[in-house]
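See below for the structure under consideration.
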Amino acid sequence: MRWKGNRRSDDIEDQRHMRRSKLGAMGGGGGIMRLLPMVFRFLGFKGTAILVIGIGAYGLMTGNLGAILGGLGLQSAPVTQSSGPLQQTESEKELADFVSVVLADTEETWTMLFNKRGLTYKKPRLVLFRDVVQSACGMAQSAMGPFYCPGDQKVYIDLGFYDQLKNQFNAPGDFAQAYVIAHEVGHHIQTLNGTSAKVQAARKRLDKVEGNKLSVLQELQADCLAGVWAYHANHSRQLLESGDIEEGLRAASAIGDDTLQKQSQGYVSPDSFTHGSAAQRVRWFKTGFESGDMKSCNTFGS
């Protein structure tokens, strides 16, 4: 991606200097820190997001995160600020700059598209953190992956996730990293246009399997909206380079529910899908990228 030297967003909150005490224990003496690896399992950006085993990723990544973590006995921990300047490597500093540039570019795209519809785009803020973070949706751990919280309309990301994206998901490249952010911003678009609220209300009336199907449609729409951003980043600002889209498609395929279920459990369980198969994620990203029109992202009507 041709990102260096481009505008950086003013909507970055850097909380990497913040530290919190160890997360509280659950009743019966079971430590929540020991529980989380059993509860959380990466199934893609989900929004990147992840699937919460036995819970459902919609509630975690794009719904009421606080209610879910509260049900697990996870409470807010005291926040402390380390003294002195932020300690970071040169590569981490460059990655933070990259994230800021990508967020700024999504702002360009969505401000323009909203203006065309006579609307004003309300930009999300992006929070950089390490280890754990307090959001309006509750306390979240970095092991959960990047997420969007509709309660405060913020995207949260621990930059260490990108190492996992490269090494665990075999999806290297700066455009794959940008796709993560664009997908989460897609959930912000869904919050602004009311889609998220409608999905959440509908899920309350459905059983788990049918609720999961709605979750898939919402996540695929966020993939499509990420593709819409990529179209305009390429056509309006020539941000993309040769091979970038292939990186994005490789990432979308690598974090399909079917791909990751095969890797983790050896078989595929479609009824438990919450983000879509590899083919679905690739298809909808390509749909957005080829059209550049958010109207093409009607996953619910397909």
FRET efficiency for Leu119 and Glu290 from the Cβ-Cβ distance with R0 = 30 Å, rounded to 0.05, comes out at 0.80
What is the packing order of peptides 118-129, 7-18, 225-236, 155-166, taking the mean over residues of other C-beta atoms within 10 Å and listing the highest first? 225-236, 155-166, 118-129, 7-18
Would you calculate the separation in nanometres between label points at Asp10 and Gln153, each defined as 7 Å from the Cα along the Cα-to-beta-carbon direction? 1.6
Arranged from highest to lowest average of other beta-carbon atoms within 10 Å per residue, in what order do the peptides 204-212, 282-290, 93-101, 108-116 appear? 282-290, 93-101, 108-116, 204-212
With +1 on the Cβ of every Lys and Arg and -1 on the Cβ of every Asp and Glu, and nothing else charged, how large is the dipole of region 144-220 about its Cα centre, in debye rounded to the nearest 20? 420
For the pair Lys208 and Gln168, what calculated FRET efficiency results from E = 1/(1 + (r/R0)^6), where r is the Cβ-Cβ distance and R0 = 25 Å, to the nearest 0.05? 0.40
For Glu13, distant residues with modelled amide H under 5 Å away: Leu126, Val127, Leu128
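FYI, it's all coordinate maths here, none of it is from the lab. Please read all numbers here as calculations on a predicted model, not as lab measurements. Note: ideal-geometry Cβ built from the backbone for every residue, glycine included; neighbour counts use all protein chains shown.
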